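The values are calculated or read from the model by the stated rules, or taken from the named source; none is laboratory data. Source: prediction; values computed, not measured. Cβ sites come from the backbone with ideal geometry, for glycine too, and all protein chains shown count toward neighbours.
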Amino acid sequence: MLEEVERWLGARSWAAADRPLDLLLAAKAARGTTVSVVLPALDEEATVGRIVTTVRAELMGPEAGGGGVPLVDELVVIDSGSTDGTAKAAAGAGARVVHRDDILPRIPAVRGKGEVLWRSLLVTRGDVVCFVDADLRDFSSTFVSGIVGPLLTEPEVQFVKATYDRPLGSEFDGPAAGRTAGQGGRVTELMARPLLNLHWPQLAGFVQPLGGEYAARRSLLERLPFPVGYGVELGLLVDSLHTVGLDALAQVDVGVRKHRHQDGQALGRMAASIYRTAQLRLSRGHLIRPQLTQFERDGDTFVPRTHPVDTEERPPMREIAEYEARRAA
């Protein structure tokens, strides 16, 4: 298995600089491929506008309302119930903003990132769909062009993850000396990577299996179930492996990713969701307790707080009547 991983790393791991924009634009035009960028957003007023502005200024041509090259055809922010000015900031920067609850109202929405990504397929049209987290700082347009690139130039590639350094620090904009290089992604190292190495060793070559920046062909995404919560990245990666095979998966190094870090208890809930997602795929007939109890100090004692673990998954989008009706139209 190690030999297969090493072979895959040599054949399917690239850097963003390997595909300059002129090459991508030529490949996009030759195949008539369209590209959608989706930003799932929950209370990201501080960062979402800058990301939208950068994509529009650098990767969207005048016909799409931008000022850059015509790589991206549509940019959609899906607001997941924000209580701050996220929607206003995104719209002000030029994005089309759609509220999660306005998509497929027949099926009541639940909280969770995967829920938003799943619903986004109904309000986008691109042949390639690129997901980008809305909390990124120092955002570069190579996060988009890098992971879209192989889908435009390599017909056999269907799913591409971004890889990057994830510095861990207490301040978003603090000095570099205040951050620990490469030690962000704690849930990745403590939960996801061991799970993948033990149960899906073909995927051991992915540097950032839980990263929120990835792109895929719509024809693949519409065939996959979507875990509604934090397990969505691991679920899509594992299901893509089983659906299209290892050589249809790839990763691209886009540099450094700076974003908001979660506290330890939030990481615990993420880890539980990811384990649950893996466990469902390993044995759907033998389910574990879908709850996680954590403890918080209250005066002289510790108080238990029990949280539900994401257990719901959305079916492949091609099974949704409204999506098929839109395809037929």
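Details
- Any hit, the range 98-110, residues being touching a Pro at 6+ places or on another chain (Cβ under 6 Å) and modelled with pLDDT of 95 or more: no
- Of the residues making up the range 61-106, those that are out of contact with any helix residue (DSSP H, G or I) (no Cβ under 6 Å at 6 or more places or on another chain) and of a type in the set (Gly, Ala, Ser) are Gly61, Ala64, Gly65, Gly81, Ser82, Ala87, Ala91, Gly92.
- Matching residues, the range 111-132, being surrounded by fewer than 22 Cβ atoms within 10 Å (Cβ to Cβ) and either charged (D, E, K, R) or in a strand (DSSP E or B) (or both): Arg111, Arg125, Asp127
- Tallying residues that are assigned to a loop (DSSP other than H, G, I, E, B) and closer than 23 Å to Val256 by Cα within the range 133-157 yields 8.
- Flag for Asp133 being at pLDDT below 95 and closer than 26 Å to Ala17 by Cα: no
- Residue match in the range 39-60 (condition: of a type in the set (A, V, I, L, M, F, W, C), surrounded by 22 or more Cβ atoms within 10 Å (Cβ to Cβ), free of Cβ contacts under 8 Å to residues at least 60 places away in the same chain and in contact with a helix residue (DSSP H, G or I) (Cβ under 9 Å, 6 or more places away or on another chain)): yes
- Hey, Gly67 over 25 Å from Ala26 (Cα atoms) and either part of a loop (DSSP other than H, G, I, E, B) or free of Cβ contacts under 8 Å to residues at least 40 places away in the same chain (or both) or not: no
- Residue match in the range 84-103 (condition: out of contact with any Cys (no Cβ under 7 Å at 6 or more places or on another chain), in a loop (DSSP other than H, G, I, E, B), of a type outside the set (A, V, I, L, M) and within 17 Å of Val228 (Cβ to Cβ)): no
- Identity of the residue in the range 190-203, of a type in the set (A, V, I, L, M, F, W, C) and surrounded by fewer than 18 Cβ atoms within 10 Å (Cβ to Cβ), that ends up modelled with the highest pLDDT: Leu190
- Residue within the range 222-235 that is surrounded by 21 or more Cβ atoms within 10 Å (Cβ to Cβ), modelled with pLDDT of 95 or more and closer than 25 Å to Gly10 by Cβ present: yes
Conditions tested, residue by residue: (1) more than 30 Å from Gly205 (Cα to Cα); (2) at pLDDT 95 or above; (3) in a helix (DSSP H, G or I).
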position: Glu4; (1), (2), (3): no, no, yes
position: Leu23; (1), (2), (3): no, yes, yes
position: Ala29; (1), (2), (3): yes, yes, yes
position: Ala57; (1), (2), (3): yes, yes, yes
position: Val77; (1), (2), (3): yes, yes, no
position: Ser82; (1), (2), (3): yes, yes, no
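- Any pair with Cβ under 9 angstrom, 6 or more apart, that starts in the range 310-329 at a residue that is of a type in the set (D, E, K, R) and ends at one that is at pLDDT 90 or above and part of a strand (DSSP E or B): Asp310/Pro227; Glu312/Pro227; Glu313/Phe226; Glu313/Pro227; Arg314/Phe226; Arg314/Pro227
- Checklist (1) surrounded by fewer than 23 Cβ atoms within 10 Å (Cβ to Cβ); (2) modelled with pLDDT of 90 or more; (3) small (Gly, Ala, Ser) applied to Gly185, failing item: (2)
- For beta carbons closer than 7 Å, sequence separation of 6+ or different chains, a first residue in the range 140-156 that is under 12 Å from Gln251 (Cα atoms) and surrounded by fewer than 24 Cβ atoms within 10 Å (Cβ to Cβ) and a second that is modelled with pLDDT under 95 and aromatic (Phe, Trp, Tyr), there are no qualifying pairs.
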